[in-house]
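I have placed the structure first, in the form of structure tokens, so that the comments after it can refer back to it.
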Ligand code: OAD
């Protein structure tokens, strides 16, 4: 089976009702990114940051995967698919994708603020108990924090993602403005000659020649990509 690697961003979840970050009315217009999603912001006001992510988790229970997530999961019938997502939601998994790498963390997980990547400290929250309370502690006694890669922090999964990109036979980019590194640089690991498809309703600069641009929303674009790659009409 050919290996298909998809790099996804907030745009794939937009049709599920989750705001993107940088579009008009996006999340970073309502909340200063430095305050709620940076390492300095966390140090300055952990309660505010935990509350912000409590709110994002609450929203996650009201949304469902959309057709784009579902069609991407269904490509597993034809390809060895790996999803590298910048999203912290769990909509790829809920749509049935079985190989998902989260570059920027996961909303439903919390961890130690002393050792965020220590597997022993990472806890998965449940629907009945998803709010981090002020002063709540992780297993190692440090303040419990979201399992989110904040700005100014290293991206631990980037090497795994770069290896996947370098092994891809087909590379697909869906719904990301490619503003944030190192994720935006993954396309440079794709071997030359490998077809690259980019699905986004707006112009996005992939900094690469030879990209097939499908200028559509994620759900329409995934339907078109499925037709192109499998010949199936969906
Ligand atoms: P952005 O908000 O920067 O970009 C969203 C992209 O989705 C844009 O290119 C939009 O044109 C596109 N888009 C909007 N609606 C769409 C739709 N219906 N279908 C397809 N595409 C659509 O979001 P990201 O690129 O994901 O990190 O942002 C990257 C990172 O920056 C995020 O992971 C987050 C953020 O700060 C952290 O919080 C650590």
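Evaluate region 52-68: report whether one residue or more is part of a loop (DSSP other than H, G, I, E, B), surrounded by 19 or more Cβ atoms within 10 Å (Cβ to Cβ) and away from the ligand (no atom under 13 Å from the Cβ). The answer is yes; a qualifying residue exists. Filtered by the rule that a residue be without any contact (Cβ under 8 Å) to a residue 60 or more places away in the chain and in contact with a helix residue (DSSP H, G or I) (Cβ under 7 Å, 6 or more places away or on another chain), region 96-114 gives 96, 97, 98, 100, 107, 108, 111, 112. Restricting 140, 159 to residues that are at pLDDT 95 or above and within 30 Å of residue 190 (Cα to Cα) narrows the list to 159.
Looking at 184, 165, 206 in this structure, which one is closer than 22 Å to residue 13 by Cα and near the ligand (Cβ under 10 Å from one of its atoms)?
184
Go through region 1-34 and give me each residue that's in a loop (DSSP other than H, G, I, E, B) and either more than 9 Å from the ligand (Cβ to nearest atom) or surrounded by fewer than 15 Cβ atoms within 10 Å (Cβ to Cβ) (or both). 1, 2, 16, 17, 18, 24, 25, 31, 32 - these are the residues of region 1-34 that are in a loop (DSSP other than H, G, I, E, B) and either more than 9 Å from the ligand (Cβ to nearest atom) or surrounded by fewer than 15 Cβ atoms within 10 Å (Cβ to Cβ) (or both). Scanning region 168-216 for residues that are at pLDDT below 95, more than 19 Å from the chain's Cα centre (by Cα) and within 20 Å of residue 20 (Cα to Cα) gives a single hit, 203. Taking residue 75 as meeting all but one of (1) within 14 Å of the ligand (Cβ to nearest atom); (2) modelled with pLDDT of 95 or more; (3) within 25 Å of residue 199 (Cα to Cα), write down the number of the exception. With respect to (1) within 14 Å of the ligand (Cβ to nearest atom); (2) modelled with pLDDT of 95 or more; (3) within 25 Å of residue 199 (Cα to Cα), residue 75 is out only on (1).
Across region 209-232, the qualifying residues are those that are over 16 Å from residue 69 (Cβ atoms) and part of a loop (DSSP other than H, G, I, E, B), and the one among them that is nearest to the ligand (Cβ to nearest atom) is 215. Just one residue in the set 76, 93 is free of Cβ contacts under 8 Å to residues at least 12 places away in the same chain and surrounded by 15 or more Cβ atoms within 10 Å (Cβ to Cβ); that residue is 93. Within region 188-203, if we keep just the residues that are outside any loop (DSSP other than H, G, I, E, B) and crowded, with 19+ Cβ neighbours inside 10 Å, the residue that is nearest to the ligand (Cβ to nearest atom) turns out to be 199.
Considering region 133-156, the residues that are within 16 Å of the ligand (Cβ to nearest atom) and buried (at least 19 other Cβ atoms within 10 Å of the Cβ) include one that is farthest from residue 82 (Cα to Cα), namely 145.
Regarding residue 177, is this residue in contact (Cβ under 8 Å) with a residue 60 or more places away in the chain, within 11 Å of the ligand (Cβ to nearest atom) and farther than 21 Å from residue 101 by Cβ? In short, no. Of everything in region 115-132 that is in contact with a helix residue (DSSP H, G or I) (Cβ under 9 Å, 6 or more places away or on another chain) and over 15 Å from residue 90 (Cβ atoms), the residue that is surrounded by the most Cβ atoms within 10 Å (Cβ to Cβ) is 132.
The values are calculated or read from the model by the stated rules, or taken from the named source; none is laboratory data. No experiment lies behind these values; they were computed from the predicted model shown. A quick note on method: Cβ atoms are made from the backbone with ideal geometry, for glycine too, and the neighbour counts reach across all protein chains shown.
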